[in-house]
Structure formats: structure tokens, C-alpha cells
Amino acid sequence: MFQSKKDTVYLVLAGIFITNALVAELIGGKLIYVGDAVMSVGILPWPIVFVSTDLINEYFGQRGVRKLSLLTAGLIAYCFVLLLIAMPIPAVKGPGLVTDDQFHGVFGQSMWIIVGSITAFLVSQLIDVTIFHFVKNRTGNKMIWLRSTGSTVISQLFDSFIVLGIAFWATGKMNTETYITSALTGYVVKLGIAILLTPLIYVGHALIERYLHSGVKG
């Protein structure tokens, strides 16, 4: 029964993780201004990915996160393959219907954005899980906030620079100054949201503990 409950917890956390990662990629083509810096609106779901990653780390270890990260990267690639197949198919024309230009404008991500997104995702996730367990091995079950925030601080620095570096800077679509400013801005915003959501780690931890041990007698 206990193992079955853990399977349920993993399924729920995996669903939250995968859904937010996919949504982040689908909406990532919309660029917004934060002050004078350009930033992708796709960063909005990532703090939820951080929270679910840390909870999966807590209960299922490095292996659980790595398996889920590889699966999610595969699903992101699959999603974009379907979009690439769908885009050339002519849309039905009519009032109020989505046109080919509108569809392509929203989902027409370049291959470099796809490569940058998947690369950044895998690298940041592997760094996150490594740092998380490095801190946990030294603090035990105490100081959840430290391993959660600490792993995010490092992993998202790499994530922010990798995705923009591959998709925009390396392809000449963004100069070096804009690239550095935008990457740092995105990093600060993601980190700030992640820190604000730190209490959710404790809430999630408490709910999972209560669920796993409900009906279990000592």
C-alpha cells in the first residue's frame, strides 16, 4: 500500500512537471520587456517546474529526476515535431478561424530555439539534481530551503544563458550586450519567483508526508 501511494505521488508530480515544461516551451516564442531587457514569457511556468523537481528529488532521488528529465525532453521534441508537421497543412479559411499566418506566428519556433530549449533544460536539470543531493547529504533532512534554493541558484544561471546563447546569440539574432542583459534579467526574474515559492516546497512536503503515512500505524 505504501509503495502504491509513492507511485501515485510520483505520477502527480511528474504530471505537474511535464505539463509546465511543455507549456513553457509552447509560449516561449512571445518576448516581453522587463525594464529595458527582453525576456521570454516562457519563464513563467518554470518556478513550478523547480518546485516539482525539488519534491521529486526529495522523495525519489537523482534517478527519479533524471528519468523524468529525459522523458520530458523527449516529449518536448515530440511536441515540436508534431507542430512542424502541422504547420505546412493549409488551414480552412473563414471569419473567426485561425489562419496559417497566425498559427505559424505562435508555434513557428525555429530549430535553434528547440535545440537551445532542450539543451538548457537537460543541463539545468542535471545540475539541479546534483547540487540538491550534494547539499542534502551534508544537511540530512534539515534545511530544505537551502538545498532547494541553492540548486536553483546555480542551475538556472546555466539555463538562462544556454537557451538564449544557442537560439539567439550564436545565430546572430542578438548582440552580445543584449544577450547578457536579457539572460541576467531572465535569471533574476526566475530566481526571484522561485524564492517566493519556497514555502510551497514545505507545503508540498507536508501534504506528501501526510498522504504517505495516512492510515499507517507505527
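Selection of the stretch 23-52 for residues being over 16 Å from I162 (Cα atoms) and touching a Pro at 6+ places or on another chain (Cβ under 9 Å) yields V23, I27. Pairs meeting the criteria (first residue in the stretch 173-198 and over 18 Å from D128 (Cβ atoms), second residue surrounded by fewer than 16 Cβ atoms within 10 Å (Cβ to Cβ), beta carbons under 8 Å, at least 6 apart or on different chains) are T181/D36; T185/V34; T185/G35.
If the condition is being within 30 Å of Q156 (Cα to Cα) and open to solvent by 40 Å² or more (accessible area, probe 1.4 Å), then the stretch 79-102 contributes V81, L82, L84.
Summed over the stretch 9-18, residues that are open to solvent by 50 Å² or more (accessible area, probe 1.4 Å) and either touching a residue at least 24 places away in the same chain (Cβ under 8 Å) or touching an Asp or Glu at 6+ places or on another chain (Cβ under 8 Å) (or both) total 2. If you go through the stretch 137-163 and pick out every residue that is in a helix (DSSP H, G or I), more than 23 Å from L31 (Cβ to Cβ) and open to solvent by 40 Å² or more (accessible area, probe 1.4 Å), you end up with 6. Taking residues in the stretch 114-138 that are acidic (D, E), and partners anywhere that are open to solvent by 50 Å² or more (accessible area, probe 1.4 Å) and not in a helix (DSSP H, G or I), not one pair has Cβ atoms closer than 9 Å while being at least 6 places apart or on different chains.
When the stretch 28-49 is limited to residues that are touching a strand residue (DSSP E or B) at 6+ places or on another chain (Cβ under 8 Å) and open to solvent by less than 50 Å² (accessible area, probe 1.4 Å), the one that is farthest from C79 (Cα to Cα) turns out to be V38. Assessment of the stretch 66-78 against the conditions (open to solvent by 30 Å² or more (accessible area, probe 1.4 Å), closer than 22 Å to F168 by Cα and in contact (Cβ under 8 Å) with a residue 24 or more places away in the chain) yields at least one matching residue.
Which condition does E25 not pass, out of (1) crowded, with 19+ Cβ neighbours inside 10 Å; (2) closer than 18 Å to V106 by Cα; (3) without any contact (Cβ under 8 Å) to a residue 60 or more places away in the chain, if it passes all the others? Of (1) crowded, with 19+ Cβ neighbours inside 10 Å; (2) closer than 18 Å to V106 by Cα; (3) without any contact (Cβ under 8 Å) to a residue 60 or more places away in the chain, only one is false for E25: (3).
The values are calculated or read from the model by the stated rules, or taken from the named source; none is laboratory data. Just so it is clear, the structure is predicted and the values come from calculations on it, not from any experiment. Backbone-built Cβ (ideal geometry, glycine too); neighbour counts: all protein chains shown. Note: areas computed on protein heavy atoms with side chains; ligands, DNA, RNA excluded. Shrake-Rupley method; radii C 1.70, N 1.55, O 1.52, S 1.80 Å.
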